[in-house]
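> Structure incoming, see below.
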Amino acid sequence: MNILKNIFVLSLALLSAGVHAQTIMIRGATVHTMGPDGILENTDIFISAGKIQQIGQDLPVPQDIAVFKADGKPVTPGFFAGISSIGITEVSAVKESTDAGLALKEMRPEFDIVPAYNPHSSLVPVTRIEGFSFTLLGAGSQGSIFGGQGRMVALDGGYESFFGKPVLFINVGRDASGLSGDSRAGQWMLLNQAMDEADKPPMSVQTTLLTRAGRGTLSVFANEGKVVFDVDRASDILETIRFANNYGLDAVISGGAEAWMVAEQLAKANIPVLLDPLANLPSNFDSLGSRRDNAAILNAAGVMVAINGAGSHNARKQRQMAGNAVASGLPHAAGIAALTTNPARIFAVEALQGTIKTDMPANLVLWSGDPLEVTTAAEVVIINGKLMPMESRQTKLRDRYLVEKPDMPRAYIKP
């Protein structure tokens, strides 16, 4: 109840200060900088003009600004909500409310999900009030091995909140075999042919897999840009490493249920893994080797790990997933890094997200306790230097329909 009361009080402070307040002070926090400075005790953070201007102890407080007393509570960078369809899917079961993929049985790597993004989606505030400041929009392969392109977006509710370079999504393994003549080998045949087309455009009389725009897209990613391969089986991961090396692709593994089996090869190839630490039992033949200490093994081998897989409607569970990874052997600092610094580094956006330092855009969260504990809540969320209102469609429905009855159990009492 104390946590909920604190959130309510802080929400009133946010409203009185104004969502677009540009001058903010957090006093006396335990700051997880996620950089060379490590963890700073009893430290103040002064934010102005959208950036972190000062970090230190006993900083002077200007008048008429929003001040939050942390009393030793942790402050971290805003968390990564994983690869999601936040802002491009409202209700998954309602076809017209989702734009997460292109249902064409064609190779269309030029497909870009970004124009469908809706910053007013109810999922945006639902996610950010839980301490998540950015996500990677993912394009799903509904009819093709190539899902298409997505991009990083800040969850501040803005129309122009994209950052970083486009990311290409490729689906390999059991899900893709149905798109390639029911043959796992057939998918690699088609992928190799597609890359060859991009390198040497075929004659007009030849049958092609790609459009001219598709060939141009693959040519760009062969020179720069991240390519996310959705793959679980160890043998498929090894084939992905070979494929990426052959064509000069900057690869990232998403899924990686059996990645621990090939941790040494992933580390040598400098390929990071976005994984779900809760995937500890086989759910299909591609994940027979699933184990709960996957993240810990990869991290110990020198593979950069980030947390992914909670889904668009349950992105808040990414914290719980990281906590489970820590419980299974991943160091606590590495667990927080897997939600902050690591995804920022993997997708080359660390100048904007993932760390707390001066002259950097202010994307941070004040927590009620250890951010990897499920009982902890985000008390203050700041994205791009703006205080975010701590309300969503869910909290509004709670406040509307959950009446205050002190004689009821805690779950039925309105804070």
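The values are calculated or read from the model by the stated rules, or taken from the named source; none is laboratory data. Since the structure is predicted, the reported quantities are computational estimates derived from the model, not experimental observations. Because the Cβ atoms are built from the backbone with ideal geometry, glycine has one as well, and the counts that use them run over all protein chains shown.
> Which one is modelled with the highest pLDDT, of the residues in segment 166-187 that are under 14 Å from Phe285 (Cα atoms) and in contact with a strand residue (DSSP E or B) (Cβ under 6 Å, 6 or more places away or on another chain)?
Step one: filter segment 166-187 for residues under 14 Å from Phe285 (Cα atoms), giving 172-177, 184.
Among the residues that remain, those that are also in contact with a strand residue (DSSP E or B) (Cβ under 6 Å, 6 or more places away or on another chain) are: 172-173.
On the way: Val172: 89, Gly173: 84.
Filtering first and then ranking leaves Val172.
> While we're on this one: Would you check if Leu266 is closer than 25 Å to Asn342 by Cβ and in contact with a Gly (Cβ under 8 Å, 6 or more places away or on another chain)?
No: the conditions fail for Leu266.
> Could we say that Gly186 is crowded, with 17+ Cβ neighbours inside 10 Å and in the same structural domain as Val349 (by TED's automatic domain parsing) here?
Numbers: crowded, with 17+ Cβ neighbours inside 10 Å: no; in the same structural domain as Val349 (by TED's automatic domain parsing): yes.
Spelling it out, it is not the case that Gly186 is crowded, with 17+ Cβ neighbours inside 10 Å and in the same structural domain as Val349 (by TED's automatic domain parsing).
> Also, quick follow-up: Within segment 78-88, identify whether any single residue is surrounded by fewer than 22 Cβ atoms within 10 Å (Cβ to Cβ), in a loop (DSSP other than H, G, I, E, B) and touching a strand residue (DSSP E or B) at 6+ places or on another chain (Cβ under 9 Å), and answer yes or no. Full working, then the answer.
From segment 78-88, those surrounded by fewer than 22 Cβ atoms within 10 Å (Cβ to Cβ) are none; that's our starting set.
No, segment 78-88 has no match at all.
> Any idea which residue in segment 60-102 is modelled with the lowest pLDDT, counting only those that are of a type in the set (D, E, K, R) and not assigned by TED's automatic domain parsing to the domain that holds Ile307? Show your work before the answer.
Of the residues in segment 60-102, the ones of a type in the set (D, E, K, R) are 64, 69, 71, 73, 90, 95-96, 99.
After this cut, where a residue has to be not assigned by TED's automatic domain parsing to the domain that holds Ile307 as well, the list is 64, 69, 71, 73.
Details: Asp64: 86, Lys69: 96, Asp71: 96, Lys73: 98.
In this case the residue turns out to be Asp64.
> Exactly one of (1) among the aliphatic types (A, V, I, L, M); (2) closer than 27 Å to Thr89 by Cα; (3) out of contact with any Phe, Trp or Tyr (no Cβ under 6 Å at 6 or more places or on another chain); (4) outside the structural domain of Ser84 (by TED's automatic domain parsing) is unmet by Val380. Its number?
Exception for Val380: condition (3).
> Now, a different point. Could you say which residue among Asp407, Asp370 is acidic (Asp, Glu) and in contact with a strand residue (DSSP E or B) (Cβ under 9 Å, 6 or more places away or on another chain)? Give the derivation first.
Numbers: Asp407 fails: in contact with a strand residue (DSSP E or B) (Cβ under 9 Å, 6 or more places away or on another chain).
Only one candidate qualifies: Asp370.
> Turning to a different aspect of this structure: Looking at (1) under 22 Å from Arg319 (Cα atoms); (2) surrounded by 19 or more Cβ atoms within 10 Å (Cβ to Cβ); (3) hydrophobic (A, V, I, L, M, F, W, C); (4) not assigned by TED's automatic domain parsing to the domain that holds Glu197, which is the one condition that is false for Ile39?
It is condition (2) that Ile39 fails.
> Filter segment 199-246 down to the residues that are more than 30 Å from Ala295 (Cα to Cα), assigned to a helix (DSSP H, G or I) and among the charged types (D, E, K, R) and list them by number.
Residues of segment 199-246 more than 30 Å from Ala295 (Cα to Cα): 199-220.
Remaining after also requiring assigned to a helix (DSSP H, G or I): 199, 212-220.
Answer for segment 199-246, where residues must be more than 30 Å from Ala295 (Cα to Cα), assigned to a helix (DSSP H, G or I) and among the charged types (D, E, K, R): Asp199, Arg212, Arg215.
> Then there is this: Within segment 299-314, identify whether any single residue is part of a helix (DSSP H, G or I), touching a residue at least 24 places away in the same chain (Cβ under 8 Å) and within 16 Å of the chain's Cα centre (by Cα), and answer yes or no.
Looking through segment 299-314, none of the residues is part of a helix (DSSP H, G or I), touching a residue at least 24 places away in the same chain (Cβ under 8 Å) and within 16 Å of the chain's Cα centre (by Cα).
> Out of segment 251-293, which residues are among the polar types (S, T, N, Q), touching a helix residue (DSSP H, G or I) at 6+ places or on another chain (Cβ under 9 Å) and under 16 Å from Gln318 (Cα atoms)?
Asn280 - this is the single residue of segment 251-293 that is among the polar types (S, T, N, Q), touching a helix residue (DSSP H, G or I) at 6+ places or on another chain (Cβ under 9 Å) and under 16 Å from Gln318 (Cα atoms).
> Okay, next question. Considering each of Leu397, Leu372, Leu366 in turn, give the residue that is over 20 Å from the mean Cα position of the chain (by Cα) and at pLDDT 85 or above.
Working: Leu372 fails: over 20 Å from the mean Cα position of the chain (by Cα); Leu366 fails: over 20 Å from the mean Cα position of the chain (by Cα).
The unique qualifying residue is Leu397.
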